[in-house]
Amino acid sequence: MKNLNGIIFITIFSLLTTGCMPESLTKFKKDTVQNATADVTFTDEDGNVIDGSTINIPTSFNYPNNQITFDRENSMFMTSTASSTSGSSAALVEGDLGDIGSQVGIENLNPVYTISPPLPSGLSLDSESGEVTSSSSTDTLSLYPSTTHIVTLTYLNPNTLLRESISTSVTVAIQEPIDESFRLSFGDNAATKKMYLTLSEEVSNFSVSGPVSASRSTNEESAVGNVRLVNTDTNTIVIDVTSGEFRLEDLIDNSTTYSGEEGSVESLGYYFETSSGTTDNIHLSPITDSSTNLSNTSNGVRFTISPDLPSGLSFDNETGEITGRTSTSLTSTTYTVRAYNDVDGSGETFSFNLAVIDSPQVLGYNSSVVLSVNDASDISIGDYVATNFTPPLTSGATGIVEFKSNDYIVVKITGGTFQKEQSLDINRTYVDEEAIITADPKFVNAALIVSSSTGLTTQDSSKSSSIICSGSTARATIMEIDTAPTSPVLFISQSVDSTFTGNFTDNGVNTIQNTSSCGSTASGSSSSIAIQGVWSPTVSINIATPTDFHVGQDVNNSSNAAGTISSVSGNEIVVSMVTENQFRDTDTITNNAIGNDDSIGSEVNKTSSVNSVSTNNKFELRRGTDVFIEPFLILGSENYYTISPELPDGLELDSSTGIISGNPTEATTSETFTITATNSIGSTTSVFDIEVVDYFEVIDIKNGPSYVLHKEGRFNNNRACRVNKKAIENFSDSSSDPQLYNVIDIDCFMEVGENDLYNLGLDFQVDSGPDVCEFVDYYPYSYWQFQPKISTIPSSVDVAYITTDSCDNDDGDRTGQAVLSSVDGISLGESDNVPAGTINGWSTFDFDEETFCDGNYRDNYSNSGNVRTCDFGTERHWEISLTDGTTSGCKVEVTQVTNTCDGSISECIAGAAAEQYSTTQLDSGVVKTTTPASNGLVTNFAYQAPISQGFNTNISLANYTATNSCTSGSYDYSSHGWYERTNISISNNVVDPFMAAQPFYTFACTNSGGEIKARIRVMVRDWNFAFSKSDVIDNVADTTLMDLPGEDVFDNAYNERNDFDNLLVSLSSPYAGCSGSAAKANATDDIYAPAAPSPQSISITGVTVNAVSGSPIITAASGSFTSFTSSGINPSGTAMTSLSEGVSIRFNSNTYVVKKVISSTVVQLTSPALSASAGDALSLDGAYRFPSSLYR
């Protein structure tokens, strides 16, 4: 048996040492037959015998990450961790190897490593240590795909004296790093090869349809293409590749065969067209200059892409290919593809742009957006609106409301971006919320009122059924639909191109459809939808009789549609709309020919029947105002935009976005422009007109909550206070035509809530473009706080003033009193021993000697008590000195005194002029400010709030009065008649506060010689009651809210701040006279000479008057000056029962102004030119009172 056992042991040992262990015994194996040699000994490193049980045996082993990866390019084995990759010269064994790695283990355990299958050529396994190393030369090493190998460790177990084995799996690969030439290019299945190249140099030498090539060596395939688009703004060309490939850093030439550099490629991108088919048309493949470098199989290469591709496109992580198709366009996006493997963990990256696009179609240009809001009831056309904002926006949007339909408003953009869910305020800047934008804003340039919206959709619901057309004339995209009205409103982006060349027309015949006749993209089924009305910022109206319709005129119809004529050509008038209602083809249109005149002479409104009304694909841009005009395409992206001809100065086209922006610097005539949008797939055009208009304009920039500055006239609630430059030029060409005159001489109203005006003041801005006016004259509003006078020396003197009374024989001291010589028989000279009874019988009264000058007043406002010297003449009076008589009574000495009154305008004038000019300027007669304007002018005239000046009313700024116009109509106002009344020099005929003053804020556009070319007069009206633009602010006759009497529910008076209407002595039309005469010779003065209105007389019951010729004093012959009845009105609104300072009175057919009520029977007047009377009837003059000490 011994011999048999020995044979078996020897056989097994031989198998172990040769690695020929059967596969079923791998991982951990041992002999099943015991060693027959009983005297086996174990030694340490020094040869000393040791106990075998003290030797540690291996239990497991492995290679790092169970992977052996050799980098053939860098001749090293790569080991990767979670954070890094490192290289070494060998792949080492690790694990729980016991003492097998020491000399004790090697001497006693006899370890042997084997591997199956064998390692690839160039790599070897050390059988004693298990290390894997490479041969000395790696040049001939071939790439070796990742392959699983089994490594086995066999050793002698000192405890059992049997040979045992353990094994591990390891993946072995020979790889090389990713080549630096890694990139993507068109794959074999790409339907087209369109791409863009951004070059390092200008691309102006490239031309559309011209060749392009890249520099290549003789053994490389040529890269050749055709240019589709040249973008000189970004130095980019879009090309069709016809052969080879174009790469980053390529040197590019503008010829078929490269001959010289025009620039190098700095970035590139790939374009593919949308597809609704079943075959993929998008294919990009990774490549390097080495055919095997990117092989997943041979080189273990994997790929990633960032960001993820959109739906419809797929990315293969093993091949790096991008494939797919999509019927939806995909915005150009920068993608980065990374190729890496085990020896090159960071790998190489390639960044490129990828876009899937449509050919551009149905291009419209728009300067407005339609906003759907939760409540538009308080929003009116002409309102400024502004939004709040949240990051990333840094400011809100602003605009002007142009059109309204229920809760949809069209807003012309003046700044920023409108967004869904923004709060909207009705103000130039956002203060608080008035409405909320409930849907995404849409760009629009017109609206159609139609008979039905059945089958029509908005573009964000269905592009194919949102494209509409009217025959072969007009085409547009529906952006929004208001279905609430019986006749729905379509908000559209109209597109005019070489096929659809016209506009949508309301003529009682035209219809719209959304069928394929509207273009290849349209596929709706609705047709024969009647056009019942059209809107665009300007509409073109064809009228039957255009005679007497001129630029600048206001026009309206009987259905409350209104606008201003901006151009006239034949039977076509272009009208800028200012109302929600629109002109229709069955209308009669009327021009507001009355303008600023008085409905007199031969001048009357002109009318004409309307043939048709069309949208007008035109942008009227204001010189000096920021412009934002944006494109909308139903299809197409990645476009390059060009325009012909060049835009007006100050405007520019962004070639990438197609946005027109800027600030036009000067007026231009209307001109047609064509914008072409081109991308790698195709191109389309949009045709529209631009006219830069300019004005002589007055603007309110105080921007208070209630402030509205608008032109006078019906429907002019929102019409700007301005005169068109073209109207000024037309008038210069035909100065005798009253129709032309009336559009360059206008009146405007500044509507302000009384508390706003009292607490905020005013700030007017004058804006006159270059070459509109050579100079601008500004006359600030003024009025007389105290009546100015020019005293003259009377033929006889009646008032004698007692300067001293030292006579002890009379009763009391009469110093400071006066007597009337005509009453008490006083004469010049000295009289001695005048009986005391005579003197005691004098009818003396209190008299202020400092007011002997007829126009001198004691100002008791705020208890100041100062004397106001408003007299520019000379006065004469008598003075009396009383001393004791020589023997009895008193000595009376009467002397005559003559004084120069030394009047001062600044002492007596009030209003804006008193703030505008210094006292020196006022006293020297300055009434206007002249500013050069030939190069353009923007200047402000700001006035303090009345409260800040200690005033208690608004009359310092509010110059409007309810009855200072001659016209009898509800909507027509004329400043001419009132101006005729007030346009006098300082004299004794100044019988109301406005005469010889400036009753208007007047702005005059003049030429170099000072002649007026255009004029704007502004009336500031303070309102007792809250109002809005939709109220009756265009109605001159209806002042119910403006002068609302009474109190609110809290017993708070509506009228808290008086204006001149509270100083009116009668509320029932105190001024009469509206007739006119023949035309004047100089049309720039007035076409007609309107009659100056004259105050009416108001009866006083119970008072008759005595007056002495030349005396400023009247006495009551009967009745009392402080207790009578009349229909006159006090400032408080009650019936006038007593005289007071500033009131005009009338007797002997002459008008006088009360200077002081001395007593119930004695009144001092401001006019010394009285004629003697006895018992004449006294009446009130139904005019405006001088405020004097009453209020400021």
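Can you give me the distance in nm between label points at THR486 and ILE150, each placed 7 Å from the Cα along the Cα-to-Cβ direction?
Once both label points are built, they end up 9.3 nm from each other.
Please state, rounded to one decimal and in Å, the Kirkwood hydrodynamic radius that region 183-357 gives when every pair of distinct Cα atoms enters the mean of 1/r.
16.9
Measure nothing fancy, just the Cα-based angle from helix 2-18's long axis to the longest principal axis of the chain, in degrees from 0 to 90, nearest 10.
For helix 2-18, the angle is close to 40 degrees.
For the peptides 439-448, 382-391, 572-581, what is the packing order when you average, over each peptide's residues, the other Cβ atoms within 10 Å and list the highest mean first?
Ranked from most to least packed, the peptides come out as 439-448, 572-581, 382-391.
For region 87-161, which GluC sites (Glu not before Pro) are both in a DSSP coil and crowded by at most 15 other Cβ atoms within 10 Å?
Listed in order of number, the matching sites are GLU128.
Where does the chain land at 222 nm, in deg cm²/dmol rounded to the nearest 500, when only DSSP H runs of n ≥ 4 count, each adding -39500 (n - 2.57), divided by all residues?
For the chain, the value works out to -1500 deg cm²/dmol.
Among the listed pairs LYS420/LYS618; LYS928/LYS1013; LYS891/LYS1156; LYS412/LYS463; LYS420/LYS442, which are separated by more than 20 Å between their Cα atoms?
Beyond 20 Å: LYS420/LYS618; LYS891/LYS1156; LYS412/LYS463.
For the residue pair THR586 and ASN1007, what label-to-label distance in nm results when each label sits 7 Å from Cα along the Cα-to-beta-carbon direction?
Taking the simple label geometry, THR586 and ASN1007 are separated by 4.8 nm.
Viscosity 1.002 mPa s, temperature 20 °C: give me the Stokes-Einstein translational D for region 621-695 in µm²/s, with Rh taken as the Kirkwood radius over C-alpha pairs.
Estimated via Stokes-Einstein, D reaches 166 µm²/s.
Between SER644 and TYR384, what is the label-to-label distance in nm when each label sits 7 Å out along the Cα-to-Cβ direction?
4.1
Viscosity 1.002 mPa s, temperature 20 °C: what is the translational diffusion coefficient of the chain from Stokes-Einstein with a Kirkwood Rh over Cα pairs, rounded to a whole number of µm²/s?
Calculated translational D: 55 µm²/s.
Contour minus end-to-end for GLU849 and THR1040, with contour as 0.36 nm per residue of separation and end-to-end as the Cα-Cα distance?
64.2 nm
Taking R0 as 30 Å, what FRET efficiency do you get between ASN605 and ASN571 from their Cβ-Cβ distance, rounded to the nearest 0.05?
In this case the efficiency is close to 0.95.
Assuming 0.36 nm per residue, please report the length gained on full extension of the stretch SER732 to ALA90 beyond their Cα-Cα distance.
In short, 221.1 nm is gained.
Please quote Rg/Rh for region 799-904 to two decimal places, taking the Kirkwood radius as Rh and restricting both calculations to Cα atoms.
1.05
What is the magnitude of the charge dipole of the chain about its Cα centre, with +1 placed on the Cβ of each Lys and Arg, -1 on the Cβ of each Asp and Glu, and no other charges, expressed in debye to the nearest 20?
For this selection, approximately 2400 debye.
What FRET efficiency comes out for SER661 versus VAL431 if R0 is 25 angstrom and r is the Cβ-Cβ distance? Round to the nearest 0.05.
Efficiency, rounded to the nearest 0.05: 0.40.
Calculate, in nm to one decimal, what GLU266 and SER498 gain on full extension: separation in residues at 0.36 nm each, minus their alpha carbon distance.
Contour length minus the Cα-Cα distance gives 79.8 nm.
Applying 1/(1 + (r/R0)^6) with R0 = 35 Å to the Cβ-Cβ distance of THR331 and SER377, what FRET efficiency is obtained, to the nearest 0.05?
It comes out at approximately 0.35.
At q = 0.11, 0.16, 0.18 Å⁻¹, what is the base-10 log of I(q)/I(0) for region 733-840 according to the Debye formula with one equal point scatterer per Cα and no solvent? Please give it to two decimals.
The Debye formula, applied to the Cα set alone, gives -0.68, -0.99, -1.14.
No value in this document is a laboratory result; all are computed from the given coordinates. In this text the structure is predicted, and so the values were computed from the model without any measurement. FYI the Cβ positions are ideal-geometry reconstructions off the backbone, even for glycines, and counts take in every protein chain you see.
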